[in-house]
Ligand code: HEM
């Protein structure tokens, strides 16, 4: 029994740590993408650096992909375990009802983000890998901005991106704040940390929405 509790706590901690790691990724990803709407040159320089630096390509990128896959797999495992546990035991009307609603919400928003990532990899990551490691095309440091812009021509594609970022906000709203609790961060800074997480959950997805819309309308004027 105690082994079970321990392992379920371990799963929550693992979920929280991988989530916090992805939050850092989101922040840097947003920062780079945000430059595209006011300085295409800066965006090109940063993308060129990220796309050609061996440390980023062969160390950080595999860690990131592992982090994404790990977070999704653990999310599904937690969901399945929670459901089973509830069917057998947690039939009390305490916090359980609330937690079950939240966990359903997290798996739903997580699935939307997973679907978005499928589209997003198809849009950017796969062409990038083909460009570099299949075609061995010569590197052009100024190609990134205009490749980016092309992806936001379609209003449907832009709409799907925007909708996905709304779900990203929902996911972060619960996930980021509760990750502090899961890693045992419980002190006088907890209230501030929760507030910070909630602000982040709104500001970053909203920023991604702004970037998508600006790129879309830049195509059409
Ligand atoms: C307006 C919003 C966004 C834009 C314009 C954008 C743009 C890009 C671009 C240009 C790349 C290609 C990087 C490369 O050359 O490999 C990329 C990769 C990626 N993006 Fe986004 N992105 C956006 C939002 C997001 C969001 C919200 C997430 C996560 C939920 C995300 C996750 C990723 C991941 C995991 C990769 C692969 C990173 C790599 O290993 O290269 N992106 N994105």
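Right, residue 169: in contact with a helix residue (DSSP H, G or I) (Cβ under 6 Å, 6 or more places away or on another chain) and either free of Cβ contacts under 8 Å to residues at least 12 places away in the same chain or more than 16 Å from the ligand (Cβ to nearest atom) (or both) or not? It is false that residue 169 is in contact with a helix residue (DSSP H, G or I) (Cβ under 6 Å, 6 or more places away or on another chain) and either free of Cβ contacts under 8 Å to residues at least 12 places away in the same chain or more than 16 Å from the ligand (Cβ to nearest atom) (or both). Checked against (1) more than 9 Å from the ligand (Cβ to nearest atom); (2) assigned to a helix (DSSP H, G or I); (3) touching a residue at least 60 places away in the same chain (Cβ under 8 Å), residue 212 passes all but condition (1). Only one of the numbered conditions (1) loosely packed, with under 15 Cβ neighbours inside 10 Å; (2) farther than 17 Å from residue 72 by Cβ; (3) near the ligand (Cβ under 9 Å from one of its atoms) is not met by residue 140, and that is (3). Considering 153, 134, the condition of being at pLDDT 95 or above, farther than 30 Å from residue 178 by Cα and away from the ligand (no atom under 11 Å from the Cβ) is satisfied by 153 alone.
Residues considered: 136, 196, 185. Of these, the only one that is part of a loop (DSSP other than H, G, I, E, B) and out of contact with any helix residue (DSSP H, G or I) (no Cβ under 7 Å at 6 or more places or on another chain) is 136.
What pairs can you find where one residue is in region 123-145 and farther than 14 Å from residue 57 by Cβ and touching a residue at least 12 places away in the same chain (Cβ under 8 Å), the other is within 11 Å of the ligand (Cβ to nearest atom) and not in a helix (DSSP H, G or I), and their Cβ atoms are less than 9 Å apart, with a gap of 6+ or different chains? Pairs that qualify, where the first residue is farther than 14 Å from residue 57 by Cβ and touching a residue at least 12 places away in the same chain (Cβ under 8 Å) and the partner is within 11 Å of the ligand (Cβ to nearest atom) and not in a helix (DSSP H, G or I), are 144/36; 145/36.
Name the residue, out of 32, 37, that is in a helix (DSSP H, G or I), near the ligand (Cβ under 10 Å from one of its atoms) and either over 19 Å from the mean Cα position of the chain (by Cα) or on the phi < 0 side of the Ramachandran plot (or both).
Numbers: 37 fails: in a helix (DSSP H, G or I).
Sole residue among the options that is in a helix (DSSP H, G or I), near the ligand (Cβ under 10 Å from one of its atoms) and either over 19 Å from the mean Cα position of the chain (by Cα) or on the phi < 0 side of the Ramachandran plot (or both): 32.
For region 44-56, what are the residues that are at pLDDT 95 or above and within 9 Å of the ligand (Cβ to nearest atom)?
First, pick out the residues of region 44-56 that are at pLDDT 95 or above: 44-50, 53-56.
Of everything in region 44-56, those that are at pLDDT 95 or above and within 9 Å of the ligand (Cβ to nearest atom) turn out to be 47, 50, 56.
Please verify whether residue 191 is away from the ligand (no atom under 15 Å from the Cβ) and in contact (Cβ under 8 Å) with a residue 40 or more places away in the chain, treating the condition exactly as stated. No, not satisfied.
With respect to the conditions (1) closer than 18 Å to residue 22 by Cβ; (2) exposed (fewer than 14 other Cβ atoms within 10 Å of the Cβ), residue 180 lacks only one, and its number is (2). Taking region 4-26 as the range and being surrounded by fewer than 13 Cβ atoms within 10 Å (Cβ to Cβ) and either touching a helix residue (DSSP H, G or I) at 6+ places or on another chain (Cβ under 7 Å) or under 19 Å from residue 205 (Cβ atoms) (or both) as the test, only 24 passes.
Do we find that residue 193 is farther than 27 Å from residue 42 by Cβ and at pLDDT below 95 in this structure? So residue 193 passes the test.
The values are calculated or read from the model by the stated rules, or taken from the named source; none is laboratory data. Remember, predicted model here, so these are calculated numbers, not experimental data. Positions of Cβ are generated from backbone atoms using ideal geometry, with glycine treated the same way; all protein chains shown enter the neighbour counts.
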